[in-house]
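Shown next, in structure tokens, is the structure this report addresses.
The values are calculated or read from the model by the stated rules, or taken from the named source; none is laboratory data. What you see is a predicted model; the values in this text were computed from it and never measured. All Cβ positions, glycine included, derive from the backbone under ideal geometry; neighbour counts span all protein chains shown.
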Amino acid sequence: MQMSKKRQRRGRMTNQKRQELMERARIYFLKEDITQKEIAERIGVTERTIGEWINNEGWEKLKRNILLTREEQLSNLYSELEEINNEVKNREPGQRYADSKLANTRRYLIRDIEALEKETSTSEFITAFTPFINDVKKQNIDDARLIGEYADSFIKTKLR
């Protein structure tokens with residue numbers, strides 16, 4: 001009976017909550033050298049779910065293909081946005097507006113910039129916490145788990 005309640009609760013997860021958990025899992029997968037089981041424990045889903053996300057979302061490929069730093073990626077996106085704005089600005093008076101295609105491109109760029117900036121700050125937290133937790137793990141695994149839980153809770157608040 002209790003197991004079915006657990007399944008019901010999981011089934012009620014909103015898309016937004018699922019996306020938040022998936023984003024956290026993706027960051028852990030890309031930034032930390034931990035197992036799928038550890039990721040699953042940290043975010044509160046099954047190891048199978050993590051495996052599905054890794055396969056379905058192409059995280060392995062993403063992990064292999066991260067060639068540019070986030071700062072370089074942000075810089076490129078800002079440059080593209082600047083080019084679009086300059087193109088609009090250089091048009092004849094009365095024509096200085098973006099057509100629907102250009103407006104959509106600009107909208108997507110802005111959304112990508114916002115997502116990357118959010119991801120960058122979250123990944124910076126993870127980057128800062130990880131070595132500390134790994135060091136504590138050498139001395140006391142239980143303390144490391146507790147600190148990891150606090151760190152995860154803190155990171156969750158930053159993803160909202």
Problem set entry | the range 121-156, residues that are surrounded by 14 or more Cβ atoms within 10 Å (Cβ to Cβ) and among the basic types (K, R) | K137, R145, K156
Exercise. Would a scan of the range 102-120 turn up a residue that is over 25 Å from the mean Cα position of the chain (by Cα) and surrounded by 13 or more Cβ atoms within 10 Å (Cβ to Cβ)?
Worked result: yes
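Among the candidates K61, K101, K118, K137, which residue alone is touching a helix residue (DSSP H, G or I) at 6+ places or on another chain (Cβ under 6 Å) and part of a helix (DSSP H, G or I)? First the steps, then the outcome.
Working: K61 fails: touching a helix residue (DSSP H, G or I) at 6+ places or on another chain (Cβ under 6 Å); K101 fails: touching a helix residue (DSSP H, G or I) at 6+ places or on another chain (Cβ under 6 Å); K118 fails: touching a helix residue (DSSP H, G or I) at 6+ places or on another chain (Cβ under 6 Å).
Just one listed residue meets the conditions, K137.
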Exercise. Which number in (1) surrounded by 15 or more Cβ atoms within 10 Å (Cβ to Cβ); (2) within 29 Å of R26 (Cβ to Cβ) marks the one condition that V88 misses?
Worked result: (2)
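Among the residues of the range 48-70, write down those that are more than 15 Å from the chain's Cα centre (by Cα) and either at pLDDT below 85 or over 22 Å from K37 (Cβ atoms) (or both). If you could, list the steps in order and put the result at the bottom.
Within the range 48-70, the first condition is being more than 15 Å from the chain's Cα centre (by Cα), and the residues that meet it are 48-49, 51-52, 55-56, 61, 64-65, 67-68.
Answer for the range 48-70, where residues must be more than 15 Å from the chain's Cα centre (by Cα) and either at pLDDT below 85 or over 22 Å from K37 (Cβ atoms) (or both): K61, R64, N65, L67, L68.
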Exercise. Name the residues in the range 22-39 that are under 16 Å from I126 (Cβ atoms) and assigned to a helix (DSSP H, G or I), would you?
Worked result: M22, E23, R24, A25, R26, I27, Y28, F29, L30, K31, E38, I39
